[in-house]
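Okay, structure first, notes after.
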Amino acid sequence: MRTRPLGTTGPQVSALGLGCMGMSALYGEADRAESIATIHAALEAGVTLLDTGDFYAMGHNEMLIGEALRAAPSDLREQALTSVKFGALRDPDGGWAGYDGRPAAVRNFAAYSLQRLGVDHIDVYRIARLDPNVPIEETVGAIAELVEKGHVRHIGLSEVGADIIRRAAATAPISDLQIEYSLISRGIEDEVLPTTRELGIGITAYGVLSRGLISGHFTADRQLAPTDFRSMSPRFQGENLQHNLSLVEALRKIAEQKGVSVAQIAIAWVLSRGEDIVPLVGARTRERLTEALGALDVTLDDADLAAIEQAVPADAAAGDRYPAAQMAHLGTDR
């Protein structure tokens, strides 16, 4: 397994991380036993970075990871690095009620995460979205206090723009920014990515397959449950979906010429963007994990990259990446 630095102040991590959200929430039913087996398979393959959020199914995802770590051999358990997002407020019906970045809330969220994960520290801790009522300096400052006490190792950010990144970095060392980045979500390239590179902050890229849309496995006739996020996502609706799947077919031709899958070439493209970018793959099964890991063996030369750019130009996607209400909380607009 190749490794990459998570910024200039963060840890060395596997070149691909495992995003665990789909094992608990938002993408339909998941198999608990298969999820745990997938986490174990990832660790065995050398994946070290496990990403979660304390609000994924109201703590379920953290407890799942904790169960998987307890059942893993000690050497694999010790190599695992946990990346945790906090701050999203939920209700018993699964609703969303904004974000809480107050220092007291930061300490409270961390205490619960440590218990659910069954670890003595969190490797990277970040608020999931900016709390508009709390200056980022206060939120980051509270995480910095947790670092001083040994409860957290590194401070991360999530889905914020260049100005907030600079203010946070002036408050405490920031290891990385977690933000969506894929062939069809390239909004970070204009301002965010130049800013993180200037400041020595890494990128953990989620949504590299755009929630399965550009995986090569999603079809127009797929039926989604009402609780599946994609049933509300603009990119999966009507004409938007048809347009976006046409982009996938253009990408499929390039993948077939190289003898790889669509998912592998899409992940390889993100890997090719720089050694400071660590893609998170949201594999929920060992089969999908194996496919994703195969992207590490895909080399894209200049001709490949030019062909990919022609097939899927920047801003080619139809529809926003979130519904309108959630777009308001993002640091980039694409």
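Structure notes:
- Taking each residue as 0.36 nm, the span from residue 91 to residue 272 lengthens on full extension beyond its C-alpha to C-alpha distance by 61.2 nm.
- Cα-projected label distance for residue 197 with residue 166, points at 7 Å along beta-carbon direction, nm: 1.8 nm
- Listed peptides 285-291, 10-16 appear in the order 10-16, 285-291 once ranked by packing, highest mean of other Cβ atoms within 10 Å at the front.
- With the convex hull drawn around the C-alpha atoms of the chain, the volume per residue stands at 122 Å³.
- Gyration tensor (Cα) of the range 183-275, equivalent ellipsoid semi-axes in angstrom: 26, 18, 11
- Counting only residues at least eight positions apart within a chain, or on another chain, the aspartates and glutamates with an alpha carbon under 15 Å from that of residue 149 are 120, 123.
- When the chain is treated as a Gaussian network with alpha carbon springs shorter than 10 Å, the biggest mean-square fluctuation among 91, 276, 190 belongs to 91.
- Contour minus Cα-Cα distance for residue 219 and residue 1 (0.36 nm per residue): 75.3 nm
- Seen through its C-alpha gyration tensor, with square-root eigenvalues sorted a ≥ b ≥ c, the range 1-113 comes out oblate because a/c lies at 1.5 or above while a/b is not bigger than b/c.
- A cut-off under 13 angstrom between Cβ atoms defines the neighbours of residue 261, and their net charge, with Lys, Arg +1 and Asp, Glu -1, is 0.
- Length gained on full extension, residue 37 to residue 71: 11.2 nm, using 0.36 nm per residue less the C-alpha separation.
- Counting only alpha carbon atoms, the long axis of helix 32-44 and the longest principal axis of the chain meet at about 90°.
- Between 19, 282, 294, the Gaussian network model of the chain with springs among Cα atoms under 10 angstrom shows the greatest mean-square fluctuation at 294.
- Counting only alpha carbon atoms, the long axis of helix 103-117 and the longest principal axis of the chain meet at about 70°.
Read-outs: derived from the displayed coordinates by stated rules, not from any lab. Here the structure is a predicted model, which means the values were calculated and not measured. Cβ atoms come from the backbone with ideal geometry, glycine included; neighbour counts cover every protein chain shown.
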